[in-house]
Amino acid sequence: MYYPAISHCPLFIGIDDETLKNFLSRSVSEIRTFHKGEHVVRQGDSITFLNLLVEGIVRTEMITAEGNLVEIEFIEAVRPLAPAFIFSDRHKFPVDAIAMDKSVVYMIPKPVFLKEMMVNETLLRNFLRLNSNMTVFLSGKVQMLSIKSLRAKLSLYILENTSPEQNSFILKRTQTQLAEYFGVQRPSLARTIGEMINDGVISLYKRELTVLNRRKLEHY
């Protein structure tokens with residue numbers, strides 16, 4: 001049941017291995033395995049467990065009121081799924097979570113997890129910090145989606161993934177996945193990327209994107 005990588009989960013930072021092993025042995029009620037393409041959870045499902053992704057990677061996405069598919073993020077193990085919603089009044093999953101490869105999830109019942117936090121201050125503090133960081137992430141996502149121009153959205157995304165010292169990064173998403181992340185059609189994204197390349201703002205080789213004119217990106 002115990003993966004060494006679990007200790008690196010933001011939820012368990014500062015908790016020693018022995019305490020963590022004991023926590024898992026008494027708290028995990030079920031272990032579920034999902035194969036590539038399977039739904040780990042569905043948007044609107046009730047949250048009755050803390051779902052802890054301990055192996056694999058899942059892609060989260062949601063359907064908007066207009067019927068558009070919007071990708072939210074990729075979640076790599078080890079991370080809990082939708083922890084900010086587990087104790088909300090409307091405790092339902094806000095997104096679909098789909099396995100990108102073989103994924104393993106530990107299921108911890110909500111009452112059990114709540115009891116554990118009541119007796120372990122470090123676990124409680126980590127849970128609060130994790131949810132605060134998720135709020136910051138979602139605020140940034142809302143900001144990005146509120147931008148009307150696709151060029152501006154793409155520029156913000158590139159700026160967030162680079163710095164003046166590190167001007168390139170590897171795109172983890174395909175163009176189709178990136179288009180869904182921005183909530184646009186793939187041809188529109190491909191056209192915008194092509195225009196930015198032709199304008200000498202960025203270059204793209206395979207999946208490595210390099211910033212050539214940071215000032216212009218910031219202007220966009």
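Scanning the range 3-16 for residues that are in contact with a helix residue (DSSP H, G or I) (Cβ under 6 Å, 6 or more places away or on another chain) and exposed (fewer than 14 other Cβ atoms within 10 Å of the Cβ) yields a count of 1.
Mind checking which pairs have a first residue in the range 93-115 that is touching a residue at least 24 places away in the same chain (Cβ under 8 Å) and a second that is among the basic types (Lys, Arg), Cβ under 6 Å, 6 or more apart or different chains? Listed by first residue and then by second, the contacts come to ASP96/ARG42; ILE98/ARG59; ALA99/LYS36; MET100/ARG59; ASP101/LYS36; VAL105/ARG32.
Filtering LEU128, LEU123 for residues that are surrounded by 15 or more Cβ atoms within 10 Å (Cβ to Cβ), assigned to a helix (DSSP H, G or I) and either touching a Pro at 6+ places or on another chain (Cβ under 9 Å) or among the aliphatic types (A, V, I, L, M) (or both) leaves a single hit, LEU123.
Conditions tested, residue by residue: (1) surrounded by fewer than 19 Cβ atoms within 10 Å (Cβ to Cβ); (2) part of a strand (DSSP E or B).
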residue: GLU18; (1), (2): yes, no
residue: LEU24; (1), (2): yes, no
residue: THR33; (1), (2): yes, yes
residue: GLY44; (1), (2): yes, no
residue: LEU52; (1), (2): no, yes
residue: PHE87; (1), (2): yes, no
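Inspection of the range 159-173 finds a residue satisfying the criterion of being free of Cβ contacts under 8 Å to residues at least 24 places away in the same chain, over 30 Å from SER25 (Cβ atoms) and either of a type in the set (Gly, Ala, Ser) or touching a helix residue (DSSP H, G or I) at 6+ places or on another chain (Cβ under 9 Å) (or both). For the range 176-196, the candidate set comprises residues that are open to solvent by 50 Å² or more (accessible area, probe 1.4 Å) and either in contact with a Leu (Cβ under 6 Å, 6 or more places away or on another chain) or among the polar types (S, T, N, Q) (or both); within that set, the residue that is nearest to GLU71 (Cα to Cα) is THR176. Residues in the range 24-55 that are without any contact (Cβ under 8 Å) to a residue 60 or more places away in the chain and of a type in the set (Asp, Glu): ASP45, GLU55. If you go through the range 197-220 and keep only what is open to solvent by 30 Å² or more (accessible area, probe 1.4 Å) and assigned to a helix (DSSP H, G or I), you end up with ILE197, ASN198, ARG214, ARG215, LYS216, GLU218, HIS219. Taking the criterion of being under 14 Å from SER155 (Cβ atoms) and aliphatic (A, V, I, L, M), the residues of the range 185-203 that qualify are LEU189, ILE193, MET196, ILE197, VAL201, ILE202.
The values are calculated or read from the model by the stated rules, or taken from the named source; none is laboratory data. Remember, predicted model here, so these are calculated numbers, not experimental data. A quick note on method: Cβ atoms are made from the backbone with ideal geometry, for glycine too, and the neighbour counts reach across all protein chains shown. Note: areas computed on protein heavy atoms with side chains; ligands, DNA, RNA excluded. Shrake-Rupley method; radii C 1.70, N 1.55, O 1.52, S 1.80 Å.
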